[in-house]
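Report on one structure; see the data block that follows.
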Amino acid sequence: MKDFGVRAASSADRAFLVDMLAAAVNWLPERNWPREQILADPALAHYVTGWMRHDDFGMVATEPAGRPVGAAWFRYLTAADPGYGYVSDDVPELTIGVVESWRGRGVGRALLRAVLDAARDRGIRTVSLSVERANVARRLYVAEGFRTVESFENADTMVAEIRA
Ligand SMILES: CC(C)(COP(=O)(O)OP(=O)(O)OC[C@H]1O[C@@H](n2cnc3c(N)ncnc32)[C@H](O)[C@@H]1OP(=O)(O)O)[C@@H](O)C(=O)NCCC(=O)NCCS
């Protein structure tokens, strides 16, 4: 039985999105960057700066009492200020994270599917992400239709085409 729900993200979710950005950055157990360090790094902070902009969209998973347990969101970044998974100005980039105690229970997959549905509803045809190659998240992305389009030393840029 599913013990979590999924809803659309709102501007009130900013602080939680920062937590989930930190979870995504700190996926390696030996990496433990504090929120302040992440928000002080423009290459990371720009995934949440000014949330929520008119073209931002995302989903939040909640436990039965309503507390958030995970989030997945898309943001458009530009050639002038590209994300790690930048492909083009009209291809939004994914960030996803699940609270540690909730991982491995289907929350990440449900969030990814829901945010891809939200992209489809907006008429978006292509989305992207960046994943460090050793991250198990990669398996989820491949299973949900992402393919590698560019490889760097430790990370891959992946895209998914969304069928109308
Ligand atoms: C990646 C993440 C969002 C996945 O969310 P989750 O709720 O744990 O994932 P799910 O339970 O929905 O599992 C989905 C798939 O992810 C993969 N996966 C998740 N945890 C895994 C693990 N410990 N080992 C191997 N594969 C794993 C599997 O392919 C799994 O599918 P399966 O259960 O059919 O094998 C979550 O683990 C997380 O927050 N990790 C830290 C942050 C992060 O790495 N973000 C992405 C940065 S690119």
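The values are calculated or read from the model by the stated rules, or taken from the named source; none is laboratory data. What you see is a predicted model; the values in this text were computed from it and never measured. Cβ: placed from backbone, ideal geometry, glycine included. Neighbour counts: every protein chain shown. These area figures cover heavy atoms from the full protein model, side chains too; ligands, DNA and RNA do not enter into them. Shrake-Rupley method; radii C 1.70, N 1.55, O 1.52, S 1.80 Å.
Computed quantities for the displayed model
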| read-out | value |
| --- | --- |
| Among (1) surrounded by fewer than 14 Cβ atoms within 10 Å (Cβ to Cβ); (2) more than 9 Å from the ligand (Cβ to nearest atom), the one test that Val136 misses | (2) |
| Enumeration of residues in the range 51-80 that are open to solvent by less than 50 Å² (accessible area, probe 1.4 Å) and assigned to a loop (DSSP other than H, G, I, E, B) | Trp51, Asp55, Asp56, Glu63, Gly66, Leu77 |
| Pick from the range 87-101, criterion open to solvent by 60 Å² or more (accessible area, probe 1.4 Å) and more than 9 Å from the ligand (Cβ to nearest atom), ranking: farthest from Ala9 (Cα to Cα) | Val87 |
| Subset of the range 102-119 [near the ligand (Cβ under 6 Å from one of its atoms) and either open to solvent by 30 Å² or more (accessible area, probe 1.4 Å) or touching a Phe, Trp or Tyr at 6+ places or on another chain (Cβ under 8 Å) (or both)] | Arg103, Gly104, Arg105, Gly106, Val107, Arg109 |
| So Gly83, is it assigned to a loop (DSSP other than H, G, I, E, B), under 30 Å from Gly106 (Cβ atoms) and open to solvent by less than 70 Å² (accessible area, probe 1.4 Å) | yes |
| Among residues of the range 14-44, those that are within 11 Å of the ligand (Cβ to nearest atom) and either free of Cβ contacts under 8 Å to residues at least 40 places away in the same chain or of a type in the set (A, V, I, L, M) (or both), counted | 10 |
| Pair list, Cβ < 7 Å and 6+ apart or interchain, from the range 121-145 residues that are part of a helix (DSSP H, G or I) to residues that are more than 7 Å from the ligand (Cβ to nearest atom) | Leu140/Leu112; Tyr141/Met158 |
